[in-house]
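*Asks:* This is the structure, below, for whatever I ask next.
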Amino acid sequence: MSLLEVSGVAKHFGGLTALAGVDITVEAGEIVGLIGPNGSGKTTLFHCIAGALAPDAGEIRLSGQSLLGVGPHVVCARGVGRTFQLVRVFPQLSALDNVLAGQSHRAESVAAAFSGASRPEVKRRAVALLDFMGLTDHATTPASELSYGQQRLLELATVLMGEPDLLLLDEPTAGVNPVLVDRLLARLREINRRGTTIVLIEHNMEAVMGLSSRMYALAMGRTIAEGTPEALRSNPTVLESYFGPPRATGRR
Amino acid sequence: MAHSPTGLLPDRRRHDNTIYYEHVLIVCLLYVVLGQAWNLVGGYAGQWSLGHAAFFGLGAYTSTLLLLRANVSPWLGMVAGGLVAAAIACAIAFPCFKLRTHYFAMATLAIGETVRVLFLAFDWTGGANGLVLPVQRIPSTRDMLWADKEPYLLIILVMAIAMTLVIVQVERSRLGIYLRAINQDEEAAARLGIDPRRYKLAALAGSAFITGMTGTFYAQYTTYIDPFSVMPPMLSVRMVLVPVFGGHGTVAGPIIGAFALIPLSEAVRVFWGGRGIGIDQVVYGAIIVGLTLWMPGGVVALWRRRRRARLVPRVA
C-alpha cells in the first residue's frame with residue numbers, strides 16, 4: 001500500500017478549474033518533486049491533501065485511509081505536516097513557543113492543555129529541533145524578528161515537532177538566501193533519511209532535481225508527466241507546458 | 001481609608017466618603033473580573049466579542065429569577081447563571097466562529113442587542129420594569145444580601161484574584177501558546193493539529209461563564225436589574241475597553257485598565273457630570289482616544305517598548 005494515493009482529484013472555483021483530475025502516488029520514504037508552471041494547481045493540490053480545501057471529486061488516501069471530509073487539524077493528527085508557500089509562523093510568539101505550538105495534539109484535551117506547561121521531554125525536543133535548524137540563539141526571539149530564511153527554517157521545525165509521516169513543502173527555498181538554501185536542503189535530506197516522506201513543490205529546478213528521487217509535472221490542473229528528474233528534464237510535454245509549443249523555425 | 005481631604009470634616013462625612021470609595025473599589029474589581037474574562041477570549045484567543053453584556057445580563061437574570069421564583073440561593077444561582085451564559089455562548093459560537101475579526105465582532109454586537117431587546121419584551125423577565133431582589137430580607141448571607149459594602153467587596157476581591165490566577169495559568173500553560181497561535185494565524189495553527197474551534201469554544205464558554213457569575217454578583221449588589229442596567233451595549237464596550245487600554249492578552253492589562261478607567265470615569269463625572277449635558281462622557285471619550293493614540297497596544301505594550309528601548313542600545 002502506498003503512503004499517499006491521490007486519484008482523480010478535481011477542484012473548481014466558480015468557472016475556474018484549478019484541478020481537473022490529478023493522480024499521484026507516493027511511496028513511504030520517497031522524496032517526490034512536484035513541478036509545473038504558475039497556476040498549474042500545485043498549491044491547490046496541497047490544500048486538498050491537507051484538508052484546507054475539499055475537492056469536488058476524486059479520492060485522497062493516506063496509508064489506505066481516506067483524508068476527505070476532515071479538517072486540517074485532523075489531517076495533521078493522521079501524520080501529514082505542511083508548510084505554506086508564503087511562510088506562516090506566529091509572529092509574536094518566540095521561536096521556541098512556535099515550535100512548542102507544533103507538538104502533538106493527539107488526544108490532548110483543553111483541560112490538559114490548561115493544566116500545565118509543555119512536558120520536559122517535549123521542550124527538550126523543541127530545543128533540539130531549533131538546534132537542528134541552527135536557530136538555538138534565537139529561541140526567545142519573537143518570530144517576526146527573524147529573517148525570512150530563518151522563518152522558513154522555523155516553520156519547518158514547528159511542523160516537524162508533530163513527527164509527521166508525510167511532509168508537504170510548498171516552495172521551501174523561495175525567498176531564502178543561497179547559504180540558508182544549502183542548509184535547508186541538507187536538513188531536508190536528513191529528515192528524509194530519518195524516515196519522513198517528503199513531497200515538495202519547487203521552482204528552484206536545481207534544488208528540486210537534486211533532492212527528488214521521482215517527480216510529477218502538473219499543467220492546467222492535470223498530471224502531465226511522471227518520472228525521474230532526468231526524464232522530466234527532457235520531456236517535451238513538460239518543456240512545452242513551461243515555454244509553449246516549439247516554433248516552426250526550430251529555435252527555442 | 002476614611003480620610004477626608006482636609007482631615008477636619010465631621011465623622012458623618014467621613015463615613016459617606018468611605019462608602020463611596022468602597023463602591024468605586026468594588027466597581028474597579030468588578031471590571032477586573034469582566035476584563036480578565038473578556039481577555040481570555042478576546043485578548044488570548046483573538047475573538048473580539050462585543051456582546052459580552054448579554055452574558056452578564058443572562059447571569060444576573062438567571063440567579064435573580066431562581067431566587068424570586070424558586071427561592072434558590074444566589075450562591076447556587078451564581079453557578080447556574082454562569083452555566084446559562086456559557087450554554088448560550090456555545091450556541092452563539094456555532095454560527096459565529098465561521099466569521100473572522102470584524103465580522104465576528106459585528107455578529108456578537110448584534111446578538112448582544114438581540115438578547116437585550118428580547119429581555120425587554122418578555123413578560124417573565126419583568127420587561128422594562130425589571131426585577132427587584134428581596135431587599136426586605138437584608139441582611140441575609142444565604143441570599144447574598146447585605147446593607148454594608150464590605151461583604152460585596154470581599155466577594156468581588158476573591159473573584160478578581162481567582163480570575164487573574166486563571167489568566168496567569170493560561171499564560172504559563174500550553175493553552176496560552178495555542179490560544180495565541182490561533183489568534184495570530186488560525187490556518188497555521190490548524191495545520192499543526194490545533195483544533196481552532198475547540199479552543200475558541202472553550203475560551204468563549206469559560207469567558208461567558210465568569211461574566212455570567214459576575215452578572216449575578218452585580219444583581220445582588222445593586223438589588224435591582226433591568227435590561228438597561230445589566231445588558232447595555234456600553235457595558236460590552238467597557239468590557240473590551242478595560243483590557244485593551246491596559247494591554248489585552250496580558251495578565252496585568254485588565255487590572256491596569258480597570259484601575260485607570262473606572263476612577264477616570266468617576267473623576268470626570270464628579271467634575272463635569274453635574275451639567276446635565278453629558279460633557280463628562282465627552283471628556284472621558286476624548287481622554288481615552290488621546291491615551292490610545294499615545295500607547296497603541298495598551299499600557300503594558302508601552303512599558304515593554306520603553307524597557308526594550310533601554311536594553312537595546314541604539315546603533316548610530
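*Asks:* Pairs only if they're at least six apart or on different chains, beta carbon under 8 angstrom, first in the stretch B:31-53 and over 17 Å from B:ARG198 (Cα atoms), second aliphatic (A, V, I, L, M) and not in a helix (DSSP H, G or I); list them, first residue then second.
*Replies:* B:ALA53/B:MET231
*Asks:* Another question, then. State whether the residues of the stretch A:175-195 include one that is away from every other protein chain (no Cβ under 14 Å) and touching a strand residue (DSSP E or B) at 6+ places or on another chain (Cβ under 6 Å).
*Replies:* Taking every residue of the stretch A:175-195 in turn, at least one turns out to be away from every other protein chain (no Cβ under 14 Å) and touching a strand residue (DSSP E or B) at 6+ places or on another chain (Cβ under 6 Å).
*Asks:* Right, another one. For residues that are assigned to a loop (DSSP other than H, G, I, E, B) and within 7 Å of another protein chain (Cβ to nearest Cβ), scanning just the stretch A:90-103, find the one that is nearest to A:ALA126 (Cα to Cα). Working first, answer last.
*Replies:* Initial filter on the stretch A:90-103 (assigned to a loop (DSSP other than H, G, I, E, B)): A:90-93, A:102-103.
Adding the requirement that they be within 7 Å of another protein chain (Cβ to nearest Cβ) leaves A:90-93, A:102.
Values: A:PHE90: 15, A:PRO91: 17, A:GLN92: 18, A:LEU93: 14, A:GLY102: 9 Å.
It comes out as A:GLY102.
*Asks:* Here is a further query. Looking only at the stretch B:128-140, count every residue that is touching a residue at least 24 places away in the same chain (Cβ under 8 Å) and in a helix (DSSP H, G or I) and tell me the total.
*Replies:* The number of residues fulfilling the criteria is 3.
*Asks:* Scan the stretch A:136-150 and tell me whether some residue there is surrounded by 14 or more Cβ atoms within 10 Å (Cβ to Cβ), in a loop (DSSP other than H, G, I, E, B), more than 13 Å from chain B (Cβ to nearest Cβ) and not charged (D, E, K, R).
*Replies:* Within the stretch A:136-150, one or more residues are surrounded by 14 or more Cβ atoms within 10 Å (Cβ to Cβ), in a loop (DSSP other than H, G, I, E, B), more than 13 Å from chain B (Cβ to nearest Cβ) and not charged (D, E, K, R).
*Asks:* For residues that are at the interface with another protein chain (Cβ under 7 Å from one of its Cβ atoms) and of a type in the set (Gly, Ala, Ser), tally how many sit in the stretch B:155-188.
*Replies:* So the answer is 3.
*Asks:* Going by the structure shown, is B:LEU154 in a helix (DSSP H, G or I) and in contact with a Gly (Cβ under 9 Å, 6 or more places away or on another chain)?
*Replies:* So B:LEU154 fails the test.
*Asks:* Sticking with this one: Just to verify a result, which residue in the stretch A:223-251, among those that are among the small types (Gly, Ala, Ser) and at pLDDT below 90, is farthest from A:GLY33 (Cα to Cα)?
*Replies:* A:ALA248
*Asks:* Among the candidates B:ASP123, B:ASP143, which residue alone is part of a loop (DSSP other than H, G, I, E, B), at pLDDT below 95 and over 23 Å from B:LEU241 (Cα atoms)?
*Replies:* Working: B:ASP143 fails: at pLDDT below 95.
Just one listed residue meets the conditions, B:ASP123.
*Asks:* Something else now. Determine, yes or no, whether A:VAL74 is among the β-branched types (Val, Ile, Thr), surrounded by fewer than 19 Cβ atoms within 10 Å (Cβ to Cβ), modelled with pLDDT of 95 or more and not in a loop (DSSP other than H, G, I, E, B).
*Replies:* On the way: among the β-branched types (Val, Ile, Thr): yes; surrounded by fewer than 19 Cβ atoms within 10 Å (Cβ to Cβ): yes; modelled with pLDDT of 95 or more: yes; not in a loop (DSSP other than H, G, I, E, B): yes.
So A:VAL74 passes the test.
*Asks:* Which of the helices (runs of 4 or more DSSP H) contained wholly in the stretch B:219-316 include at least 1 residues that are more than 30 Å from B:PRO139 (Cβ to Cβ)?
*Replies:* On the way: elements: B:227-230, B:233-246, B:252-272, B:279-294, B:298-311.
Fully inside the stretch B:219-316 and qualifying: B:233-246, B:252-272, B:279-294, B:298-311.
*Asks:* Another question, if that's okay. Within the set of pairs 6+ apart or on separate chains, which have a first residue in the stretch B:173-196 that is at positive phi and of a type outside the set (Lys, Arg), a second that is in a helix (DSSP H, G or I) and surrounded by fewer than 24 Cβ atoms within 10 Å (Cβ to Cβ), and C-beta atoms under 6 Å apart?
*Replies:* So the pair list comes out as B:GLY193/A:HIS73; B:GLY193/A:ALA77.
*Asks:* Moving to a separate point now. Quickly run through the stretch B:204-243 and pick out the residues that are of a type in the set (Ser, Thr, Tyr), surrounded by fewer than 24 Cβ atoms within 10 Å (Cβ to Cβ) and under 19 Å from B:VAL117 (Cα atoms).
*Replies:* Within the stretch B:204-243, B:TYR224, B:SER229 meet the criteria.
*Asks:* Let me ask something additional. Looking at B:ALA205, is it of a type in the set (A, V, I, L, M, F, W, C), within 14 Å of another protein chain (Cβ to nearest Cβ), part of a helix (DSSP H, G or I) and in contact with a Cys (Cβ under 8 Å, 6 or more places away or on another chain)?
*Replies:* Yes: the conditions hold for B:ALA205.
*Asks:* A follow-up question, please. Taking the stretch A:1-17 on its own, how many of its residues are hydrophobic (A, V, I, L, M, F, W, C) and either within 10 Å of A:PRO55 (Cα to Cα) or in contact with a Phe, Trp or Tyr (Cβ under 8 Å, 6 or more places away or on another chain) (or both)? Lay out the reasoning, then the answer.
*Replies:* If we filter the stretch A:1-17 for residues that are hydrophobic (A, V, I, L, M, F, W, C), which is where we start, we get A:1, A:3-4, A:6, A:9-10, A:13, A:16.
Then keep just the ones that are either within 10 Å of A:PRO55 (Cα to Cα) or in contact with a Phe, Trp or Tyr (Cβ under 8 Å, 6 or more places away or on another chain) (or both); that gives A:9-10.
Number satisfying all stated conditions: 2.
*Asks:* Being part of a loop (DSSP other than H, G, I, E, B) and more than 10 Å from chain B (Cβ to nearest Cβ) narrows it down to one of A:GLY58, A:GLY29, A:GLY33, so name that one. Give the steps one after another, and end with the answer.
*Replies:* Numbers: A:GLY58 fails: part of a loop (DSSP other than H, G, I, E, B); A:GLY33 fails: part of a loop (DSSP other than H, G, I, E, B).
Answer to the selection: A:GLY29.
*Asks:* Mind checking whether some residue in the stretch A:64-71 is more than 8 Å from chain B (Cβ to nearest Cβ), buried (at least 23 other Cβ atoms within 10 Å of the Cβ) and at pLDDT 95 or above?
*Replies:* Within the stretch A:64-71, not a single residue is more than 8 Å from chain B (Cβ to nearest Cβ), buried (at least 23 other Cβ atoms within 10 Å of the Cβ) and at pLDDT 95 or above.
*Asks:* Also, I was wondering about something else. State which residue pairs qualify: first residue more than 30 Å from B:GLY46 (Cβ to Cβ) and inside the stretch B:245-274, second residue surrounded by fewer than 19 Cβ atoms within 10 Å (Cβ to Cβ) and not hydroxyl-bearing (Ser, Thr, Tyr) in any location, beta carbons under 7 Å apart, and separation of 6 or more residues or different chains.
*Replies:* Listed pairs, sorted by first residue: B:GLU266/B:VAL24; B:VAL268/B:VAL283; B:TRP272/B:ILE279; B:TRP272/B:VAL283.
*Asks:* If only one of A:ALA231, A:ALA225 is in a helix (DSSP H, G or I) and more than 30 Å from A:ALA126 (Cβ to Cβ), which one is it?
*Replies:* On inspection, the qualifying residue turns out to be A:ALA231.
*Asks:* Among all residue pairs at least 6 apart or on different chains, which show Cβ distances below 8 Å where the first residue, located in the stretch A:105-120, is facing chain B (nearest Cβ under 7 Å) and aromatic (Phe, Trp, Tyr) and the second is surrounded by 11 or more Cβ atoms within 10 Å (Cβ to Cβ) and in a loop (DSSP other than H, G, I, E, B)?
*Replies:* A:PHE114/B:SER173
The values are calculated or read from the model by the stated rules, or taken from the named source; none is laboratory data. For clarity, every value in this text was computed on a predicted model and none was experimentally measured. Ideal geometry is used to build each Cβ from the backbone, glycine not excepted, and the neighbour counts take in all protein chains shown.
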